[in-house]
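Undergrad: Below you'll find the structure I mean.
The values are calculated or read from the model by the stated rules, or taken from the named source; none is laboratory data. These numbers come from a predicted model, not from an experiment. So basically every Cβ, Gly included, is an ideal-geometry build from the backbone, and we count neighbours across all protein chains shown. All accessible areas refer to the heavy atoms of the entire protein, side chains included, with ligands and DNA or RNA removed. Shrake-Rupley method; radii C 1.70, N 1.55, O 1.52, S 1.80 Å.
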Amino acid sequence: MELDRDPGTLWSWITGLGEIGGHGDGGVTRMAWTPELRAGNAWLRERYEELGLSVAEDAAGNLFGTWEAGEGPPVLVGSHIDTVPRGGRFDGALGVHCGLEAVRLLQQAGHAPRRPLRIVGWMDEEGARFKTPTFGSRAFAGHDLSGLSGQTDDEGVTLPEAMAGWGRDFERLPEARGVDGIGAYLELHIEQGPTLEERAIDIGVVTTIVAVLGLRVRFEGVANHAGTTPMDRRRDALVAAADGIGRLQEWIATQSYDTRLTVGIIEAEPGGFNVIPSACEFTIDARAVSETAVAAVEREVRGVLASVGEAHGTPCTVRRTHLIDAVPVDPAIADAIEAAAAADGATAVRMPSGGGHDASHVGPHVPMGMLFVPSRAGISHNPLEHTEPGQCHAGARVLARALATLTG
Ligand SMILES: [Zn+2]
C-alpha cells in the first residue's frame with residue numbers, strides 16, 4: 001500500500017491544537033473539564049467531521065469518531081489530549097493526531113475496512129486537576145469510580161461539579177463502560193524516554209506495560225543530642241536510610257536495564273536541626289517487566305534493608321502500599337506493528353513501557369498494542385517536548401499500516 005509521506009497535514013494539526021490552551025512557547029495547559037479542554041474537544045470534533053467520522057461523547061467525556069465501515073466490533077485507536085499544567089504538545093495529543101492521520105492516509109489510499117475503525121480522545125489521562133489519572137479509560141473499562149466524588153481541584157471545585165459544568169452527571173459514569181463492544185485497541189505515544197532518540201530508531205514496539213510496586217520503608221533509631229552523643233554511640237535512622245538507599249542503587253545497577261527503582265520522598269523525625277533522627281521513612285517506586293521480576297525486587301529490597309537496619313541498630317519495616325500488575329501487549333498486534341514498520345521502511349525495536357497509559361486499563365479486556373515514537377532528549381510534561389515532523393509522520397504511517405492489517 002502506497003501512503004503519502006508528506007507530514008504537512010499532521011504537523012498543521014499538532015501546531016493547531018497546540019495553540020488551544022497554549023502559552024506561546026510550546027507549553028500547553030489543557031486540564032480535565034476546563035474551557036481549554038472543551039475547546040480542544042471542539043477542535044477534535046471538527047477533525048472527525050472533516051474525515052466523515054460519526055461523532056459521539058460518552059458519559060465520562062471520552063470523545064469518539066467512528067469510520068463506519070464493515071461490520072463487527074470496531075478497532076479503537078487513540079490517546080488523550082488533556083495535559084499537565086504547562087505540558088507539551090505531544091504527550092497524549094500525538095496519539096490522537098496520528099489516529100486522525102492514519103484514517104486520512106487509509107482513506108486516501110482507498111483502504112476499505114472490514115470492520116469499523118474508531119478514534120478516541122480519552123478524558124483526563126493526566127489526572128492533574130483532580131488527582132484522577134486515566135479517568136476516561138478507567139470508566140470505559142468499567143471500573144467503579146464512585147469513590148472519586150469527593151475529589152476537588154485547587155479552587156475547591158468538586159469533580160461532580162466540574163462534570164456538571166460540561167453537562168455530564170457523575171452518577172451516570174457507569175454508562176461509560178464500553179470496552180466490551182470493541183475488538184482491539186492501539187495507542188501511539190511519545191516514548192517519554194531517551195532510548196529511541198539515542199539509538200536513532202523510528203518506532204518502539206511495546207511488549208508490555210511494566211508492573212509498578214510501591215513500598216514505604218521506616219527505620220527506627222534513637223533521638224539524641226547532636227553535640228554530646230559521640231558518633232559511635234548513635235542509632236541514627238537517617239544514616240541507616242541513606243546507607244540502605246545507597247546499597248539498593250548498587251544492587252539495581254546489576255539488574256536488567258528495564259528494572260527501575262526510585263526513592264521519591266524521604267522524611268526524618270523529629271526533624272530538628274540539632275537532633276539525631278529517631279525515625280526515617282522513605283518511599284520506593286519499583287518497576288519491572290513482570291510480576292515475577294517485581295516480586296524479586298521486593299525480596300531483595302526487604303533483605304538488603306533488614307541487614308542494614310541490623311548493622312545500624314535501627315530496626316527496619318517495609319510496607320507495601322500498592323502493586324499494579326504488568327499489562328501484556330497482544331503478541332499478534334505487536335507482530336502487526338513490527339511488520340507495519342518493516343513495510344514502511346521504518347526501523348523498530350521491541351521495548352517495555354515504563355509508564356502507565358490509557359492502554360493499561362483497556363489492555364486487560366481486549367487485544368491491545370502500543371507503539372512509541374522518539375522524544376527529543378526523553379523530555380515530557382514540559383514545553384520542550386518535541387518530536388520531529390518526519391518522526392511523527394513515520395509513526396502515523398506505521399499506525400495506518402497496522403490498522404489496515406487489523407481492519408483488513
Ligand atoms: Zn500521555
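Undergrad: Could we say that residue 114 is within 13 Å of the ligand (Cβ to nearest atom), more than 13 Å from the chain's Cα centre (by Cα), open to solvent by 10 Å² or more (accessible area, probe 1.4 Å) and farther than 20 Å from residue 4 by Cα here?
TA: Numbers: within 13 Å of the ligand (Cβ to nearest atom): no; more than 13 Å from the chain's Cα centre (by Cα): yes; open to solvent by 10 Å² or more (accessible area, probe 1.4 Å): yes; farther than 20 Å from residue 4 by Cα: yes.
Taking the combined requirement at face value, the residue does not satisfy it.
Undergrad: Which of the residues belonging to segment 253-282 are more than 35 Å from the chain's Cα centre (by Cα) and not in a loop (DSSP other than H, G, I, E, B)?
TA: 275
Undergrad: Return the residue satisfying two criteria in turn: it lies in segment 367-382 and is more than 22 Å from residue 259 (Cβ to Cβ) and open to solvent by 30 Å² or more (accessible area, probe 1.4 Å), and of such residues it is farthest from the ligand (Cβ to nearest atom). Before the answer, list the steps.
TA: Keep residues of segment 367-382 that are more than 22 Å from residue 259 (Cβ to Cβ), which gives 367-369, 371, 373-374, 376-377, 379, 381-382.
Pick out the ones that are also open to solvent by 30 Å² or more (accessible area, probe 1.4 Å) and you get 367, 376-377, 379, 381-382.
Values: 367: 21, 376: 16, 377: 17, 379: 13, 381: 9, 382: 13 Å.
My answer is 367.
Undergrad: Follow-up question, since we're still on this one. Hey, could you check segment 139-169 for residues that are touching a strand residue (DSSP E or B) at 6+ places or on another chain (Cβ under 8 Å) and among the β-branched types (Val, Ile, Thr) and say which is most open to solvent (accessible area, probe 1.4 Å)? Steps first, answer last, please.
TA: Going through segment 139-169, the residues touching a strand residue (DSSP E or B) at 6+ places or on another chain (Cβ under 8 Å) turn out to be 140, 149-152, 158-159.
From the residues that got through so far, the ones that are among the β-branched types (Val, Ile, Thr) too are 152, 158.
Details: 152: 66, 158: 34 Å².
Checking each candidate, the answer is 152.
Undergrad: With respect to residue 101, determine if the residue is crowded, with 17+ Cβ neighbours inside 10 Å, more than 16 Å from the ligand (Cβ to nearest atom) and either among the basic types (Lys, Arg) or under 21 Å from residue 187 (Cα atoms) (or both).
TA: On the way: crowded, with 17+ Cβ neighbours inside 10 Å: yes; more than 16 Å from the ligand (Cβ to nearest atom): yes; either among the basic types (Lys, Arg) or under 21 Å from residue 187 (Cα atoms) (or both): yes.
For residue 101, the condition - crowded, with 17+ Cβ neighbours inside 10 Å, more than 16 Å from the ligand (Cβ to nearest atom) and either among the basic types (Lys, Arg) or under 21 Å from residue 187 (Cα atoms) (or both) - is met.
Undergrad: Does segment 203-223 contain at least one residue that is on the phi > 0 side of the Ramachandran plot, assigned to a loop (DSSP other than H, G, I, E, B) and within 26 Å of the chain's Cα centre (by Cα)?
TA: From segment 203-223, those on the phi > 0 side of the Ramachandran plot are none; that's our starting set.
No: zero hits.
Undergrad: Tell me yes or no: at least one residue of segment 1-14 is in contact with a Leu (Cβ under 9 Å, 6 or more places away or on another chain), more than 16 Å from the ligand (Cβ to nearest atom), modelled with pLDDT under 95 and aliphatic (A, V, I, L, M).
TA: Checked against the condition, which is being in contact with a Leu (Cβ under 9 Å, 6 or more places away or on another chain), more than 16 Å from the ligand (Cβ to nearest atom), modelled with pLDDT under 95 and aliphatic (A, V, I, L, M), segment 1-14 yields at least one hit.
Undergrad: Another question about this same structure. Under 8 Å between Cβ atoms, which residue pairs at least 6 apart in sequence (or on different chains) link something in segment 335-361 that is over 24 Å from residue 137 (Cβ atoms) with a partner that is more than 13 Å from the ligand (Cβ to nearest atom) and modelled with pLDDT under 95?
TA: Pairs found: 343/1.
Undergrad: If I ask for residues that are within 16 Å of the ligand (Cβ to nearest atom) and either part of a strand (DSSP E or B) or over 19 Å from residue 358 (Cβ atoms) (or both), which ones from segment 159-195 would you list? Give the steps one after another, and end with the answer.
TA: Quick first cut of segment 159-195, residues within 16 Å of the ligand (Cβ to nearest atom) only: 185-193.
Scanning segment 159-195 gives 185, 186, 187, 188, 189, 190.
Undergrad: Shifting gears a bit: When you scan segment 66-73, do you find a residue that is β-branched (Val, Ile, Thr), crowded, with 24+ Cβ neighbours inside 10 Å and under 18 Å from residue 43 (Cα atoms), even just one? Walk me through it before giving the result.
TA: Here is the first cut: in segment 66-73, the ones β-branched (Val, Ile, Thr) are 66.
Next, only the ones that are crowded, with 24+ Cβ neighbours inside 10 Å stay: none.
No: segment 66-73 contains no residue that is β-branched (Val, Ile, Thr), crowded, with 24+ Cβ neighbours inside 10 Å and under 18 Å from residue 43 (Cα atoms).
Undergrad: Filter segment 117-137 down to residues that are more than 14 Å from the ligand (Cβ to nearest atom) and touching a helix residue (DSSP H, G or I) at 6+ places or on another chain (Cβ under 6 Å), then give me how many there are. Explain how you work it out, then say what you get.
TA: We begin by selecting, within segment 117-137, every residue more than 14 Å from the ligand (Cβ to nearest atom); these are 117-119, 129-132.
In the following step, the residues that additionally are touching a helix residue (DSSP H, G or I) at 6+ places or on another chain (Cβ under 6 Å) were identified as 117, 119, 130, 132.
Residues meeting the conditions: 4.
Undergrad: Now for a separate question. How many of the residues in segment 367-408 are at positive phi and not in a helix (DSSP H, G or I)? It would help to see each step written out before you state the result.
TA: Start the filter on segment 367-408 by keeping residues that are at positive phi, which leaves 377-378, 381.
Those left that are additionally not in a helix (DSSP H, G or I): 381.
Selection size over segment 367-408: 1.
Undergrad: Quick check, is residue 38 away from the ligand (no atom under 13 Å from the Cβ), under 19 Å from residue 186 (Cα atoms) and at pLDDT 95 or above? Walk me through how you get there before you give the answer.
TA: On the way: away from the ligand (no atom under 13 Å from the Cβ): yes; under 19 Å from residue 186 (Cα atoms): no; at pLDDT 95 or above: yes.
No, not satisfied.
Undergrad: Could you say which residue among 55, 96 is of a type outside the set (Gly, Ala, Ser), part of a strand (DSSP E or B) and in contact with a strand residue (DSSP E or B) (Cβ under 8 Å, 6 or more places away or on another chain)? Step through it out loud before you land on a result.
TA: Details: 96 fails: part of a strand (DSSP E or B).
Unique residue meeting the criteria: 55.
Undergrad: Only one residue in 46, 36, 2 is free of Cβ contacts under 8 Å to residues at least 12 places away in the same chain, out of contact with any strand residue (DSSP E or B) (no Cβ under 6 Å at 6 or more places or on another chain) and either polar (S, T, N, Q) or open to solvent by 20 Å² or more (accessible area, probe 1.4 Å) (or both). Which one?
TA: Details: 36 fails: free of Cβ contacts under 8 Å to residues at least 12 places away in the same chain; 2 fails: free of Cβ contacts under 8 Å to residues at least 12 places away in the same chain.
When all the criteria are applied, what remains is 46.
Undergrad: Which condition number in (1) touching a strand residue (DSSP E or B) at 6+ places or on another chain (Cβ under 7 Å); (2) away from the ligand (no atom under 16 Å from the Cβ); (3) modelled with pLDDT of 95 or more is the one that residue 400 fails?
TA: The number of the failed condition is (1).
Undergrad: Do we find a residue being part of a strand (DSSP E or B), touching a residue at least 60 places away in the same chain (Cβ under 8 Å) and out of contact with any Leu (no Cβ under 7 Å at 6 or more places or on another chain) anywhere in segment 110-122? Even if it seems obvious, please write down each step before you answer.
TA: Here is the first cut: in segment 110-122, the residues part of a strand (DSSP E or B) are 117-122.
Going one step further and asking which of them are touching a residue at least 60 places away in the same chain (Cβ under 8 Å), we end up with 117-119, 121-122.
Next, only the ones that are out of contact with any Leu (no Cβ under 7 Å at 6 or more places or on another chain) stay: 122.
Yes: segment 110-122 contains one or more residues that are part of a strand (DSSP E or B), touching a residue at least 60 places away in the same chain (Cβ under 8 Å) and out of contact with any Leu (no Cβ under 7 Å at 6 or more places or on another chain).
Undergrad: Being of a type outside the set (Val, Ile, Thr), open to solvent by less than 10 Å² (accessible area, probe 1.4 Å) and away from the ligand (no atom under 16 Å from the Cβ) is the filter here, so list the residues in segment 197-215 that pass it.
TA: So the first thing to find is which residues in segment 197-215 are of a type outside the set (Val, Ile, Thr), and the list is 197-200, 202, 204, 211, 213-215.
The next check asks that each one be open to solvent by less than 10 Å² (accessible area, probe 1.4 Å); those that pass are 204, 211, 213-215.
Across segment 197-215, the qualifying residues are 211, 213, 214, 215.
Undergrad: In addition: Please specify each residue of segment 314-366 satisfying the condition of being away from the ligand (no atom under 16 Å from the Cβ), part of a loop (DSSP other than H, G, I, E, B) and open to solvent by 30 Å² or more (accessible area, probe 1.4 Å).
TA: 315, 325, 330, 345, 347, 364, 365, listed by residue number.
Undergrad: Testing residue 136 on (1) more than 17 Å from the chain's Cα centre (by Cα); (2) open to solvent by less than 20 Å² (accessible area, probe 1.4 Å); (3) on the phi < 0 side of the Ramachandran plot, one condition comes back false. Which one is that?
TA: (1)
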